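Notes for the one structure printed next.
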Amino acid sequence: QAVTSVSPWHRQLLAQYNTNTQLIFNGYDEQVFVPKDVQTEVFQIAYLGKLYSTKLRDPRLLFAALQELLAEGQIAANELRVLFHIDEKGKEQLTELAEEYQISPVVDTQGYIPRAEIVSVMHLSSILLVLTTKSTEDGTHGIMGTKFFENMGVEKPVLCVRSDEECLAQVISETHAGLAATEVEQVKAFVMEKYLEWKKNGFTRQTARNKAMFTRQRQAEQFKEVFEAVTSTTSPTITQ
């Protein structure tokens, strides 16, 4: 009687089969992912999650940008840390890519950490990464991972590389949560903007527009609305 989906693309697809298809984003727990300004000794760009494959989550645009910024001397290598808490296979792929782009000294690949420690790492970071790739006709669509919303919750600048040029990029643009990048120069400009902010304050902060729309509380309200709409139009026939 009703269908819910986490992305506009999937909602549009499913609506072909059920016109009562509602969009409810993954969102974030507003009681856990709260903002906190912490001054740090290094400018940290962090990613927490699984890589799967660079065909699905591709950091090359970031690595290319950092390679140029370091070579140009715009960012001091001893002030930069690119931290990945990631799966073992992902660590191997990232290590190879870091060597290819000659940025190994600033890339730190580590394993997963307990969920209770994740928010602390986010607070210590100046940019939080969302890794994806461009949506194509025969590729992925509508990938709206929870990580993006959690990054938004702690109010850290979000850098999405490479932009999916679809649902995720649209939400990032509409909320002003950060940048969904398609070119190296875009990444360089974004990183430098946040780097200078960090140099000035010792931390960064980016508050998304309409952030409350993506909280678990709002999701619960949306589900309640769906349930009420279904039950109000359906006559009970069987009591169990």
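General observations
- Distances between placed amide hydrogens fall under 5 Å for L83 paired with I45, A46, Y47, D108, all partners being 5 or more residues away or on another chain.
- Relative contact order for the range 1-127, counting Cα pairs under 8 Å that sit 6 or more residues apart, in percent: 27
- If you plug the beta carbon distance of H141 and M192 into 1/(1 + (r/R0)^6) with R0 = 30 Å, you get a FRET efficiency near 0.40.
- Of L13, L129, L94, the one that fluctuates the most in a GNM where the chain has Cα springs shorter than 10 Å: L13
- Tensor-based shape of the range 142-209 (alpha-carbon gyration tensor, a/c under 1.5 rounded, otherwise prolate or oblate): oblate
- Mean separation of Cα contacts under 8 Å (6+ apart) over length of the range 78-216, as relative contact order %: 21
- Those lysines that a straight Cα-Cα span of less than 23 Å connects to K194, excepting residues fewer than 8 apart in one chain: K36, K147, K156, K211
- Prolate/oblate/rounded label for the range 89-187 (Cα gyration tensor, a/c 1.5): oblate
- Normalised by the number of residues in the chain, the average gap of Cα pairs under 8 Å and 6 or more apart makes the relative contact order 26 percent.
- Backbone phi angles across the range 59-76, fed through the Karplus curve with coefficients 6.51, -1.76 and 1.60 (θ = phi - 60°), yield HN-Hα couplings of x, 4, 4, 5, 4, 5, 5, 5, 4, 5, 4, 5, 5, 7, x, 7, 10, 7 Hz in residue order; Gly and Pro are listed as x.
- To put it simply, the accessible area of the range 84-124 at a 1.4 Å probe is 50 percent carbon and sulfur.
- Global geometry of the range 112-240, whether rounded, prolate or oblate, following the gyration tensor of its Cα atoms and the 1.5 cut on a/c: prolate
The values are calculated or read from the model by the stated rules, or taken from the named source; none is laboratory data. Since the structure is predicted, the reported quantities are computational estimates derived from the model, not experimental observations. Please note: Cβ atoms are built from the backbone with ideal geometry, for glycine as well, and neighbour counts cover all protein chains shown. Heavy atoms of the whole protein, side chains included, go into the accessibility calculation; ligands, DNA and RNA do not. Shrake-Rupley method; radii C 1.70, N 1.55, O 1.52, S 1.80 Å.
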